[in-house]
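Down below is the structure, laid out as structure tokens.
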Amino acid sequence: ALFVRSWRESARRGDVRMVDDDERRDGGGGLGGPGGAPGAGGAPGSGGGGSIENVEQLVLELTNPATRENALLELSKKRETFPELAPYLWHSFGTISALLQEIVSIYPMLNPPSLTAQASNRVCNALALLQCVASHYETRGLFLKAHVPLFLYPFLNTMSRTRPFEYLRLTSLGVIGALVKVDDTEVINFLLSTEIIPLCLRTMEMGSELSKTVATFIVQKILLDEVGLNYVCATAARFFAVSAVLGSMVQLLTEQPSVRLLKHIIRCYLRLSDNPRARDALKHCLPEQLKDLKFTSCLKDDLVTKRWLAQLLVNVGHSMQTNPQNASQNVAQPNSL
């Protein structure tokens with residue numbers, strides 16, 4: 001039980017900090033503590049979560065089925081304190097193959113849904129190490145060229161809402177989130193070519209609040225890239241698929257408010273409004289709740305998101321009834337994104 005709680009808290013902290021770091025770069029205040037995504041590459045030789053010899057031994061134990069489970073657990077604990085773990089994982093013989101074996105081994109449990117908590121925890125520790133590889137500047141490109149993210153897509157295509165499946169989705173999203181966290185058009189092109197957006201939209205519709213937040217964060221980062229925006233707005237079907245899910249999420253937020261999730265939804269809408277065709281469509285399909293002061297009152301302490309919302313309403317030709325002085329403050333820096 002202690003192992004399960006420890007892993008779950010680690011997964012939550014990791015995905016929350018990944019989103020928080022990006023919010024701080026945009027000027028918004030995150031809810032998590034300092035630090036980046038788990039396993040993010042730091043300066044070579046910095047930090048230290050145990051001796052190099054200890055890490056090397058654990059990496060070696062990943063290739064032995066008898067010692068793999070414990071090695072997965074111990075190495076997942078060292079992601080944040082040993083910044084050069086990713087190159088060790090990628091360049092050591094047989095290690096990535098061992099991690100992929102862990103992933104493929106639970107495919108039969110996806111349909112019909114039979115994933116146990118123990119199996120979910122074990123594979124999520126393997127996914128956490130892949131997130132480490134996806135985060136590191138030295139291994140990110142190699143990770144993409146090997147098409148490793150494709151092994152995770154079946155997990156994002158599941159519909160079960162049980163906890164083992166929810167944590168599996170969340171940790172898989174964490175790997176994709178680690179890729180998009182660094183602004184790189186090569187990453188965006190890869191994800192678009194492999195149809196990641198429909199998988200994210202599925203999670204945005206039926207996942208937990210945290211899974212929805214990470215999935216929306218991924219869509220937001222794709223849209224912020226010019227290639228991603230053009231892709232989504234290239235056809236009416238793609239645009240309305242995204243806007244429909246965003247709209248349904250706003251509707252659900254009237255019953256279960258989440259400032260963090262609303263922030264990313266607004267940013268997605270604002271970015272869509274940068275495209276002329278999408279902007280015209282948003283004049284007719286933007287949720288009424290976003291024009292409602294009562295609904296958006298939860299943003300009163302988030303000046304950045306309030307500016308995003310004010311600029312969005314200006315872009316689509318709507319206005320929000322508010323104090324004129326406050327309105328002028330909200331629109332004062334519309335391009336501070």
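The values are calculated or read from the model by the stated rules, or taken from the named source; none is laboratory data. As the structure is a computational prediction, the values presented were derived from the model and not from experiment. All Cβ positions, glycine included, derive from the backbone under ideal geometry; neighbour counts span all protein chains shown. The area values use the complete protein model at the heavy-atom level, side chains included, leaving out ligands, DNA and RNA. Shrake-Rupley method; radii C 1.70, N 1.55, O 1.52, S 1.80 Å.
Quick rundown of the values:
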item	result
Accessible area in square angstrom per residue, segment 166-213, 1.4 angstrom probe	28
Inter-site label distance for VAL259 and THR235 at 7 Å from Cα along Cβ, in nm	4.0
Contact order relative to length of segment 126-280, as percent, for alpha carbon pairs under 8 angstrom and 6 or more apart	21
Listed pairs LYS181/LYS294; LYS77/LYS221; LYS263/LYS283; LYS221/LYS294; LYS181/LYS212 exceeding 26 Å between Cα atoms	LYS181/LYS294; LYS77/LYS221; LYS221/LYS294
Carbon and sulfur %, accessible surface of segment 67-214 computed with the full protein complex present, 1.4 Å	56
Calculated FRET efficiency for the pair TYR153/GLN101, C-beta based, R₀ 30 Å, to 0.05	0.95
Cβ-Cβ FRET estimate between ASP280 and GLN251, R0 fixed at 30 Å, reported to 0.05	0.85
Within segment 54-210: Cβ-based charge dipole about Cα centre, in debye rounded to nearest 20 (Lys, Arg +1; Asp, Glu -1)	320
Alpha-carbon centroid distance for the pair segment 113-166 / segment 247-309, whole angstrom	30
Vicinal HN-Hα couplings computed from phi for segment 167-184 (Karplus, 6.51 cos²θ - 1.76 cosθ + 1.60; Hz; Gly/Pro x)	5, 5, 4, 4, 5, 5, 4, x, 5, 5, x, 5, 5, 7, 4, 8, 5, 8
Zero-based 5 Å bins, Cα pair distances in segment 74-199, whole percents	2, 11, 23, 24, 20, 14, 6, 1
Extended-chain gain in nm, criterion 0.36 nm per residue less alpha-carbon gap, THR63 and SER114	15.8 nm
